[in-house]
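The values are calculated or read from the model by the stated rules, or taken from the named source; none is laboratory data. This one's a predicted model, so the numbers in the text were calculated from it and none came from an experiment. All Cβ positions, even for glycine, are placed from backbone atoms using ideal geometry, and neighbour counts span all protein chains on display. When the accessible area is computed, the model is the full protein with side chains, heavy atoms only, and any ligands, DNA or RNA have been set aside. Shrake-Rupley method; radii C 1.70, N 1.55, O 1.52, S 1.80 Å.
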Amino acid sequence: MTLHVFQVLRRPLITEKSTIFQDGQNKYAFEVDPRANKAQVKSAVERSFSVNVTDVNVIVVKGKRKRFGRRMTRRPSWKKAVVSLKAGDKIQIFEGA
């Protein structure tokens with residue numbers, strides 16, 4: 001099954017760790033569709049932000065256990081992608097512009 005470019009990227013992840021990656025190593029983190037692979041993430045970032053992607057790392061984040069009264073439930077698992085950009089490229093959505 002092929003995903004459309006706008007279905008692959010769900011949202012950017014803005015955390016303390018991802019901010020450090022942006023400044024020092026030119027890496028950006030996104031929450032992506034669980035069915036997406038590295039090639040789809042690469043093409044989606046390149047087409048959406050007009051940048052050159054050099055590397056994509058994909059991580060499946062397991063859902064945490066949560067307690068509601070006596071019942072233990074689990075939050076859903078999700079997929080994260082860390083995208084490395086070519087030197088000199090930046091994604092403006094993270095810069096506050």
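Give me the accessible area per residue for the chain, probe 1.4 Å, as a whole number in Å². Walk me through the numbers on the way to the answer.
On the way: 6880 Å² over 97 residues.
Accessible surface, normalised per residue, equals 71 Å².
Quick one: Cα centre-to-centre distance for region 25-39 and region 40-97, in angstrom?
Centre-to-centre distance over Cα atoms comes out at 4 Å.
Net charge around Gln40, counting only other residues with Cβ within less than 13 Å of its Cβ (Lys, Arg = +1; Asp, Glu = -1)?
+4
Using a 7 Å offset from the Cα along the Cα-to-Cβ direction at both Ser84 and Arg11, what is the distance between the two label points in nm, to one decimal?
2.8 nm
Which of Val45, Val82, Asn26 sits farthest toward the positive end of the charge dipole of the chain, with +1 on the Cβ of Lys and Arg and -1 on the Cβ of Asp and Glu?
The listed residue farthest towards the positive side: Val82.
Can you send over the solvent-accessible area of Ile59, 1.4 Å probe, protein chains only, in Å² to the nearest 10?
70 Å²
Among Ile14, Gln92, Val60, whose Cα sits farthest toward the positive end of the charge dipole of the chain (+1 at Cβ of Lys/Arg, -1 at Cβ of Asp/Glu, about the Cα centre)?
Working it through, the farthest residue towards the positive pole turns out to be Val60.
What does the highest-first list of 42-48, 16-22 look like by mean Cβ count within 10 Å? Intermediate results must be reported in sequence, preceding the final value.
On the way: 42-48: 17.4, 16-22: 13.6.
Most protected by this proxy first, the peptides run 42-48, 16-22.
Between helix 16-25 and the chain, what is the angle of the helix's C-alpha long axis to the longest principal axis, kept within 0 to 90° and rounded to the nearest 10?
Between the helix axis and the principal axis of the chain, the angle is about 20 degrees.
With charges set only on the Cβ (+1 for Lys and Arg, -1 for Asp and Glu), what does the dipole of the chain come to about its Cα centre, in debye to the nearest 20? Write out the running numbers ahead of the final one.
Working: 21 positive and 8 negative charges, 220 e Å.
The dipole of the chain has a size of about 1060 debye.
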